[in-house]
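Below: one structure, written as structure tokens.
Each reported figure results from applying straightforward, stated rules to the coordinates on display, with no laboratory input. Being a predicted model, the structure only gives us computed values, none of them experimental. Cβ sites come from the backbone with ideal geometry, for glycine too, and all protein chains shown count toward neighbours.
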Amino acid sequence: MTELQQHLEFLKQYSSEYELSDITELAVLALGLAGETGEAIEIIKKLIRDNNAIVVNELITQSLIKELGDILAYVLLIGNYFDIAPAEIIKTNRQKLEKRLNNGTIRGSGNDR
Ligand SMILES: [Mg+2]
């Protein structure tokens with residue numbers, strides 16, 4: 001079992017405490033991902049705004065680690081909701097990026113390039 005799969009098993013215990021209906025669970029997961037993404041972006045925004053540059057200290061690094069962990073948790077739980085294993089997410093993302101690299105389409109826009 002991969003480290004991500006082990007983490008997902010831990011997260012499932014935590015999230016099952018709420019006993020939500022299916023649609024409410026999915027809504028909470030999606031809103032949670034958006035919220036945690038906002039928290040991470042807020043740290044980066046303040047870093048740029050207050051320093052006019054990227055000056056990272058230990059406190060900022062630790063804050064970012066916590067928020068990135070929150071994002072990762074929601075990504076894993078949303079995947080789990082749809083029975084998508086962490087390994088499948090990683091494999092598919094890697095294949096997509098390798099295809100773009102091989103096709104010379106890393107730059108550009110559109111999901112299917
Ligand atoms: Mg957070």
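Worth a mention:
- Among the residues making up the range 67-113, those that are aromatic (Phe, Trp, Tyr) and surrounded by fewer than 17 Cβ atoms within 10 Å (Cβ to Cβ) are 81, 82.
- The residue pairs whose first member lies in the range 4-31 and is farther than 14 Å from residue 81 by Cα, whose second member is part of a helix (DSSP H, G or I), and whose beta carbons are closer than 7 Å, counting only pairs six or more residues apart or on different chains, are 4/76; 4/86; 7/76.
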